[in-house]
1. Which chain B residue comes nearest the axis with its C-beta when you rotate B onto C, and by how many angstrom?
2. Please list A:117-127, B:200-210 highest first by mean number of surrounding beta-carbon atoms within 10 Å per residue.
3. Counting only DSSP beta bridges with both residues in chain C, what percent are antiparallel, rounded to the nearest 5?
4. When each pair of different Cα atoms in the range A:160-275 is counted once in the 1/r mean, what is the Kirkwood radius in angstroms, to one decimal?
5. Write out the trypsin sites (Lys or Arg not before Pro) in the range C:1-89 meeting two conditions: DSSP loop, and at most 13 other Cβ atoms within 10 Å of their Cβ.
6. Provide an ascending nm list, one decimal, of label-point separations from B:Gln167 to the equivalent residue in each further copy; define each label point as 7 Å from Cα along Cα→Cβ.
7. For C:Glu231, put the label point 7 Å out on the Cα→Cβ axis and report which residues of the range B:22-63 keep their amide N under 15 Å from it.
8. Considering every residue in B:71-84, what mean count of other chain Cβ atoms within 10 Å of its Cβ is obtained?
Amino acid sequence: MAIITLTTDFGEKDHFAGATKGAIYSEMPEIRIVDISHSISPFNTSEAAYIIQNAYRSFPKGTIHVIGIDSELNAENKHIALKLDDHYFICANNGIMSMICSEIVPEKIVEINIHDKIQTSFPVLDVFVKVACHIARGGTLEVIGKTITQIKPIKNIVPYVNEDKSQIIGSVLYIDNYGNVVTNIKKSFFEAIQKGRSFEISARSYKFKTIYKKYSDFVNFEIPEDKRHDEGRGLVVFNSGSFLEIAVYKSNSATVGSASTLMGLNLMDTVSINFLKD
Amino acid sequence: MAIITLTTDFGEKDHFAGATKGAIYSEMPEIRIVDISHSISPFNTSEAAYIIQNAYRSFPKGTIHVIGIDSELNAENKHIALKLDDHYFICANNGIMSMICSEIVPEKIVEINIHDKIQTSFPVLDVFVKVACHIARGGTLEVIGKTITQIKPIKNIVPYVNEDKSQIIGSVLYIDNYGNVVTNIKKSFFEAIQKGRSFEISARSYKFKTIYKKYSDFVNFEIPEDKRHDEGRGLVVFNSGSFLEIAVYKSNSATVGSASTLMGLNLMDTVSINFLKD
Amino acid sequence: MAIITLTTDFGEKDHFAGATKGAIYSEMPEIRIVDISHSISPFNTSEAAYIIQNAYRSFPKGTIHVIGIDSELNAENKHIALKLDDHYFICANNGIMSMICSEIVPEKIVEINIHDKIQTSFPVLDVFVKVACHIARGGTLEVIGKTITQIKPIKNIVPYVNEDKSQIIGSVLYIDNYGNVVTNIKKSFFEAIQKGRSFEISARSYKFKTIYKKYSDFVNFEIPEDKRHDEGRGLVVFNSGSFLEIAVYKSNSATVGSASTLMGLNLMDTVSINFLKD
């Protein structure tokens, strides 16, 4: 039996997520539903793109991912369903899927047309649930829409590289629960430009020359614990999703501070990498 | 196998919701539990009434809804179980069910008396779980309580209509995750008074003369996108629960603003509708 | 089939909890996963200790509890798995389990060593999931680690008693969703020192001489409701986890106020009990 996941901006308080689950179980009593997140910032398609890209891979092949962000149907915002990497995705054609699709070519994309006459302000409940259950029952994408080959891009996803490849200019894509600052610079992208050169990462007035594999590689455990002052200090890692991340050791925005609060880094801020001549 | 839903003010951090689920699975390993919300404002029975009314209908017939808001047993706050619209509800007799019951007559109401000697500050765990599992096993309400015919009303649920029916005076019932402002004026109530007349909706100094079916009906898609300025502008819809809602297009309290933040509308504030003479 | 519970500081927004569930279902499609909390304050092992201690007992014997707080593997922070009270716990050896272990002796503790070569900044996904599934399939702890007999203690968990046993000095351990202030003084500990004596509880300038069994025992229901002024007034109870708690009747930090907001009580603040001479 397939899994249906939910990624939305419904929040934790409203009835929207609960009602959606009720509707799914009404159609398919035995299905499994997993919440990925209901706390995406309202209408924030970049955040949703980041979350779904990092979460989907852990699920079994065949999982159906419902993404409910800015999904009201209108002349400029159509509903789509995709098959990609043996997973299914149902969402509005508003750029959410362009981050994943920039790395993996979709096997199939359809623009959903089973519902052209449904007037609804709650399309996740009234449309996406039906599409998800159709797929879960083994139905094909062709039955529910017409094949398309292009989806809408999302802006500012790809970092900029200058002409002589001495600099990458990226930006802040996501700020996580620890206040760590995730950039749009992926490890594979960085390494293709770096070609082994030394580098300096700049974010506002902060500079970093090392990228760690995990947070505590930053700590020198040969110094006695009471003489180290690691907590609250900045560092750079490639995070578990392979994005370059400016972090703070044992970060907590409410106590020792975080990369976001201590360095004043916000969504869309610039993070640049300068490569040094050999 | 039945579904048990949970709607509480336990919050997302404390152990209360987890412990409740553990207790249910200890009694019934195969049951399905669905969270509707644990983020109702503490002791806010009106919010809980709004959430459960909007969520329950999506679930299959026979679902058992546990509502844990202000549920400590005392001389003035008894525990009840209801059967209504082929769903079961377990909660305190504190007004939460009066919103649903004003529209649908309960088939059965009992005041729970199996536990008169249990002293507990966690009645959801110690009482409601037992009642829910009793019902899930097919037990009847009569076994766990004595039949009653009245439940406590909730205040300020029904809007006021003046004598010559030229005005409805409603109030703000709920503010949702997008900052949209939900009033206590339902579509059926509005239409019964309106009888096709033109109208003007007033909330503080803001006036509206149109009620949309969905949010993006507000947008004129014939104007090029870069010449429209729709985001952050106010509009009125009947929301997916059929409540009159003052909204903001692509609302986000933290960025473009919301109906609540931009118009200064809070819980219990007045929203009135004046009908115009033909 | 066993249950796996999750208690983490991942927050509600990030993909970490969703990805963890996807990985578990990929290994064991039929398992049941229950969220206890993902909103522990980042790196706060005391909060996690309090939450898991209060939640685990409600689950069936054999449940596997994954605790993802400060769990990155390094020279000073090893991974452990415990069997205790017929439940399994998987976490870092950072003090989280010392609160439970101070009351119940573990049957078995192992330091996990199956993964000494895995470099990961997401050990819950890459290590704890594998260990949890191993146990869920009936595997033994000995296979995944070497037996140890001691775990790291957590600081400030046990209250202080003065020499002539006339005073207990405790501290604030947790502030719950209602703003109620939970101390580290347990009922059994209190009663062992009290030996029936009268007492006075002090928190800042506030004094209490009664400990209630449940919140509404504080109310005198013989006084007509409109002449009582109970909401927002302070009281002391032993809460459902048997911890001494300074509460406010029908508490809500955002409206009537809470013990934390009204009395200015924060984590680690002192709460003392003076016993009176007979």
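1. B:Glu12, 3
2. Details: A:117-127: 16.9, B:200-210: 14.2.
Descending packing order for the listed peptides: A:117-127, B:200-210.
3. 75
4. So the Kirkwood estimate lands at 14.5 Å.
5. Hits after loop and neighbour filter: C:Lys61.
6. Values, ascending and in nm: 6.4, 6.4.
7. Label zone hits: B:41-48.
8. Details: counts 0, 6, 2, 7, 4, 4, 2, 0, 0, 0, 0, 0, 0, 0.
The per-residue average across the peptide is 2.
Read the figures in this text as sums done on the coordinates, not as results from a lab. Quick caveat: nothing in here was measured; it's all calculated off a predicted structure. FYI the Cβ positions are ideal-geometry reconstructions off the backbone, even for glycines, and counts take in every protein chain you see.
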